[in-house]
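The structure under discussion appears below in the form of structure tokens.
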Amino acid sequence: MSNHLSERINNLAPSATLEMAAKARELRAEGKDIIGLSLGEPDFNTPDYIKEAAIKAVNDDYNSYTPVDGYAELKKAIITKFKRDNNLSYSPSQIVVSTGAKQALYNVAQACINKGDEVLLPCPYWVSYSDIVKLADGVPVEIATSIDTDFKMTPEQLEAAITPKTKMLWYSSPCNPSGSIYSKEELRALADVLKKYPQIIVVSDEIYEHINYGVTAHASMAEFDDMYDRTVTVNGVAKAFAMTGWRIGYIGAPEYIARACNKLQGQVTSGANCIAQRAVITALEEPVSRIQYMVDKFSERRVLILDLLNNIDGFKCNEPEGAFYVYPDVSAYFGKTLNGTKINNASDFSMYLLENANVATVTGDAFGNGNCIRISYAASEKEITEAVSRIKAVL
């Protein structure tokens, strides 16, 4: 009955990360011992001080519809956070709170992209960028990078990709899936290209901002005076605060974009969850040092998984500076036959690991780079060690 559905939904690709997680759940239901390293979800509980704020909100009878763009108190906390952590000054009318950073990105796309507008996506990019752009009738333009440049786009590549149809540039730093971080100097070099093209709006996805291992300091494109009025800074609490299911994201943006997102959201979902918003006020107001224990643990796991993967022939890893993923180049296996299975590409390789090693990863094809797979180390040391042992055994 697919002919009864819209072309839009028929042409939409399912989220590769969620699809792999669903397959892993199906196999577990069949009794298989699957180690899931596909989802970008911290394996920590939400900190107690944030949970206590939520409980207080329940007891204080927060149960009504919320303002479309967020509680005034939460917007104040976001403004304070932007100033404290990013040296960015926003007014309440420039802030929109959404049901997760994914909705924030969707809002921006729908508010800014017209049919045929091109959106530059340095590869690898987060799995949903391309299809969010397509849903807005935009055209994703992939800018290839490689492990040799730490998966970062150069100013020359940016310049070469710009056409009269270019409307936006979307990127994440720290990057999902590579863990790479653009330094302030690198962002300035990109900004020097963009200042020649004032029609281009930048979306800077900074959801992994606080998961940073101290190699390269976090920087925001909007810090530059000549980019502030054309940059949308996207953030949220899912990753660093272990609040994936609370579904709160937000933007700081030029006022006209923020108001457009507010207008759209008012017709689609209205305001985000009332209890989650009250909890996030506390999350953002408390010192960032209160979540450092999770970052420290991720740092230990990063060292562990890199040591283990670098002992497997055919795996080529960069050293991620943030987030909680490794993105090894596995193209050395392409064209080979493993236990009777022909490996033609990263999708074949990822599926081979699921079916033979019982380890769930995500194909790099989903992120615009077909030579790699994404492995999450948001898992225990025991699970990481066992998973890599299984991978090595079946290779």
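The values are calculated or read from the model by the stated rules, or taken from the named source; none is laboratory data. Bear in mind the structure is a predicted one, so any value in this text is a computation, not a measurement. Note that each Cβ is placed from the backbone with ideal geometry, even for glycine, and that neighbours are counted across all protein chains shown. Heavy atoms of the whole protein, side chains included, go into the accessibility calculation; ligands, DNA and RNA do not. Shrake-Rupley method; radii C 1.70, N 1.55, O 1.52, S 1.80 Å.
Some points to look at:
- Along its first, second and third principal axes, ordered by size, the chain spans 59, 54, 52 Å in Cα coordinates.
- Over 32 Å between alpha carbons, listed pairs Lys51/Lys184; Lys32/Lys134; Lys83/Lys196; Lys83/Lys239; Lys102/Lys392: Lys51/Lys184; Lys32/Lys134; Lys102/Lys392
- Other-chain or far-sequence residues with amide H under 5 Å of Val232's (modelled H): Val202, Val203, Ser204
- Taken over the range 236-321, the ratio of Cα radius of gyration to 2.2 N^0.38 Å equals 1.57.
- Among the GluC sites (Glu not before Pro) found in the range 123-163, not one is both in a DSSP coil and sparsely packed, with 13 or fewer other Cβ atoms within 10 Å of its Cβ.
- Calculated SAXS-style log₁₀ I(q)/I(0) at q = 0.10, 0.15, 0.16, 0.20 Å⁻¹ - the range 50-175, Debye, Cα scatterers: -0.46, -0.89, -0.96, -1.18
- Table column - 3J(HN,Hα) (Hz), the range 138-153, Karplus curve with 6.51, -1.76, 1.60, x for Gly and Pro: x, 10, x, 10, 7, 10, 6, 10, 9, 4, 5, 10, 6, 6, 10, 7
- Rg then Dmax, both in Å and based on the Cα atoms of the range 91-245: 14.6, 42.
- Surface share of carbon and sulfur [accessible, 1.4 angstrom probe, percent] for the range 1-157: 50 percent
- Counted over all Cα-Cα pairs of the range 301-375, pairs farther apart than 15 Å make up 54 percent.
- Dividing the alpha-carbon radius of gyration of the range 276-324 by the rule-of-thumb value 2.2 N^0.38 Å gives 1.66.
- Around the amide H of Lys316, modelled in the peptide plane, lie the amide H atoms of Asp329, all under 5 Å away and 5 or more residues distant in sequence or on another chain.
- Against the chain, whose longest principal axis comes from its Cα atoms, helix 184-194 is set at around 70 degrees.
- In sequence order, calculated HN-Hα J values of the range 293-300 (Karplus, 6.51, -1.76, 1.60; Hz; x Gly/Pro): 4, 6, 4, 4, 5, 4, 4, 5
- What the range 218-352 shows is 38 Å² of accessible area per residue, with the surface traced by a 1.4 Å probe over protein heavy atoms.
- Debye-formula intensities of the range 115-165, expressed as log10 I(q)/I(0) at q = 0.25, 0.26, 0.32 Å⁻¹, are -0.95, -0.99, -1.19 (one equal scatterer per alpha-carbon, no solvent).
- Just the protein heavy atoms count here, and of the accessible area of the range 263-354 at 1.4 Å, carbon and sulfur take up 44 percent.
- Rg/Rg_ref, the range 178-294, where Rg_ref = 2.2 N^0.38 Å and atoms are Cα: 1.18
- Accessible area per residue in Å² at 1.4 Å probe, computed on the range 1-89: 63 Å²
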